[in-house]
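Shown next, in structure tokens, is the structure this report addresses.
Since every read-out is calculated from the coordinates, none of them should be taken as a lab result. What you are looking at is a predicted structure, and each value in this text was computed from that prediction instead of being measured. Cβ: placed from backbone, ideal geometry, glycine included. Neighbour counts: every protein chain shown.
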């Protein structure tokens, strides 16, 4: 009985991609949904724009090198955020009162381009479901479009766009690999970007497929 259990366990591990002999490479694509704490611009006449950007959508591609229970991933991503118009108006409310309710806003979209190198360690490699922890470092580029405002069709203030060159980033997270004929994964991270002034943080939730 004991020998049978040992043989069964060996066959189980051998059938798992995490226990493949030698390094294996793969690539894939993924989509991101993010929650964030990204500060907005600070123009004259308004308080700091906090929580102007809340949720974002995006995607990317990844390349993996797997070594037993440890693997390495190089990922390229793009995430886009639309401005929260209500929070933008509220930043001006202390200065202009209820008149900001008539403020029309256009532009202000925020894009984040990221390049990340990560290490992934499987906690319980199984043929179908394999939970793991991951962490990585990378670079991020941020670009915010200009914001234009108007009241009753009359042009108001304009907040210029902003582009930040490559900034360092770090991330920590966990996920699960699903081997269902194709290799899927679901992952959540907490990431920091060392932006000018106040650091930015966001939580990408990623769903992807690896070939």
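In terms of packing, defined here as the mean over residues of other Cβ atoms within 10 angstrom, the peptides 143-149, 129-135 line up highest first as 143-149, 129-135. Sorting 185, 72 from the fewest to the most surrounding beta carbons within 10 angstrom yields 72, 185.
With Cα atoms as the point set, the radius of gyration and Dmax of the range 51-159 evaluate to 21.1, 64 Å.
Dividing the Cα radius of gyration of the range 84-138 by 2.2 N^0.38 Å, with N the residue count, gives 2.22.
The protection proxy used here, the mean number of other Cβ atoms lying within 10 Å of each residue, ranks peptides 152-164, 111-123 as follows, highest first: 111-123, 152-164. The eigenvalues of the Cα gyration tensor, multiplied by 5 and square-rooted, give the range 82-211 an equivalent ellipsoid with semi-axes of 41, 17, 13 Å from largest to smallest.
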